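The values are calculated or read from the model by the stated rules, or taken from the named source; none is laboratory data. Keep in mind that this is a model prediction, so the values were computed, not measured. Note that we place each Cβ from the backbone using ideal geometry, even for glycine, and neighbour counts take in every protein chain shown.
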Amino acid sequence: MKWKWLVFPALLTLLLFPAMTAWAHGAHIEYTISMAVEIVAAYDTGAPMAGGQVTVYAPDDPATPWLEGVCDEDGRFVFTPDPTKPGTWDVQVRQAGHGDMVHIPIGEDMAMTGGGGYSTFQIVLMGACVIWGFVGTALFFLRNRREYAHS
Amino acid sequence: MRKPYRMLIVLTLLALIILAGCGGSETGTLQFNANGEDFVRQGFVSKDGWAITFDHVYITLADITAYQSDPPYDPHAGGEVEAKTQVALDGVHTVDLAEGGEDAPPILVGKVADAAAGQYNAVSWRMVNASDGYSLVIVGTAEKDGQTIDFTIQVEPDYTYTCGEYVGDERKGMLQKDGTADLEMTFHFDHIFGDAETPPDDDLNVGAPGFEPFAGVAQGGTLDVDMADLQAQLSAADYQMLVDILPTLGHVGEGHCHSETH
């Protein structure tokens, strides 16, 4: 009987309907965990650099500001560095002709920073490989000549 | 020698030459500038109301060295700079920070053409006595309420400044291969005379002698003194204030330096 095919969907709709109504009035919160950096800028006297101009430089492009902002009245500034850019993040704060720069290492153990180059061992190994490449090529041709000489 | 072995030797030598080329150092040109800022180029009003203009500000610099410091040098902590790479500008250089017009660029002290590429994030130098016996000579005119004083102030002591990275509108010292980068030795003369545009209770003005003490020992509209004269003529408090503030002249842009007096 065809009506039997309608029983299960109907029951399912009745069971879910109250819940669906509740969802329409609910709230939804998602979260991600990120590492924020808070700096506090102050003059040598201890007075906060309220309104100090902040410039943040990321390690992959240290010549170009990654973020610019302003300290709050307590000289405080918070930013979340891009976790895909491990290395030293540089933060500069300036105000009224005075300023300072702080260097913050972030996740440096996860990746090598640019400009680090190769280790001595790596250089020696690469050199040996290149030399062996040439020597091998020479031996190959040498072997061919010997074979031709014997044939 | 058989021909195949000669070929083997030639190829090996070729490989070594290629490797030597790959391992060649990457260098560029590093410029060292000195900057007295707009205070020197354009003049300014001291904390006590004297309008000061400068004809010459001769400063003598030596042992100028740039560093790729690691860890980054902290001038607040002081001490030696730890660096894998450093570049020295040889010689003793006397420059006039007042040279050029009001909008003149910083004064080029010298350049090193074969500096290793990288980020130079620290610099040190000495202010040393020139052949005339002075490390700093300030020549200018001060005016206030119709009174004019032509002054020459000569400073004898040597100072060493050790600084971290330049702090300012742009980052300096980023030297690319075959490129040019500059570093700046900045001198803040408002530290001596104070600045009318800064609140009187600001640390800058509280620590600055101003011009009034100098005006007080001028004679006939002229002041021509060195530190020995000033010690004899200024009040003990004013002289000590001057002695205390002179080591703070050297900066890197707006960044402070660690200093020592010799």
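Observations on the model:
- Residues that are farther than 28 Å from B:N35 by Cβ and either touching a Cys at 6+ places or on another chain (Cβ under 9 Å) or part of a loop (DSSP other than H, G, I, E, B) (or both), drawn from the stretch B:189-233: B:V217, B:A218, B:G220, B:G221
- Here B:R171 passes the criteria (1) under 30 Å from B:G28 (Cβ atoms); (2) touching a residue at least 40 places away in the same chain (Cβ under 8 Å); (3) surrounded by 21 or more Cβ atoms within 10 Å (Cβ to Cβ) except the one numbered (2).
- Selected residue (only one of B:T152, B:T198, B:T141 is under 22 Å from B:I52 (Cβ atoms), at the interface with another protein chain (Cβ under 10 Å from one of its Cβ atoms) and surrounded by fewer than 18 Cβ atoms within 10 Å (Cβ to Cβ)): B:T198
- Test result for A:T45, over 23 Å from B:D169 (Cβ atoms), more than 13 Å from chain B (Cβ to nearest Cβ), among the polar types (S, T, N, Q) and in a loop (DSSP other than H, G, I, E, B): no
- Failed criterion for B:A116 (all others in (1) within 14 Å of chain A (Cβ to nearest Cβ); (2) free of Cβ contacts under 8 Å to residues at least 40 places away in the same chain; (3) crowded, with 16+ Cβ neighbours inside 10 Å hold): (2)
- Residue tally, condition closer than 25 Å to B:W125 by Cα and either in contact (Cβ under 8 Å) with a residue 40 or more places away in the chain or of a type in the set (S, T, N, Q) (or both), over the stretch B:215-251: 12
- Flag for B:G179 being buried (at least 18 other Cβ atoms within 10 Å of the Cβ) and within 14 Å of chain A (Cβ to nearest Cβ): no
- Among the residues of the stretch B:245-262, the ones that are of a type in the set (D, E, K, R) and either within 14 Å of chain A (Cβ to nearest Cβ) or under 15 Å from B:V167 (Cβ atoms) (or both) come to 1 in all.
- Here B:P71, B:P105, B:P75 are screened, and the one residue that is buried (at least 17 other Cβ atoms within 10 Å of the Cβ) and either within 17 Å of B:E165 (Cα to Cα) or more than 14 Å from every other protein chain (Cβ to nearest Cβ) (or both) is B:P75.
- Evaluating B:H256 against the criteria (1) outside any helix (DSSP H, G or I); (2) touching a His at 6+ places or on another chain (Cβ under 9 Å); (3) at pLDDT 95 or above leaves one unmet condition, (3).
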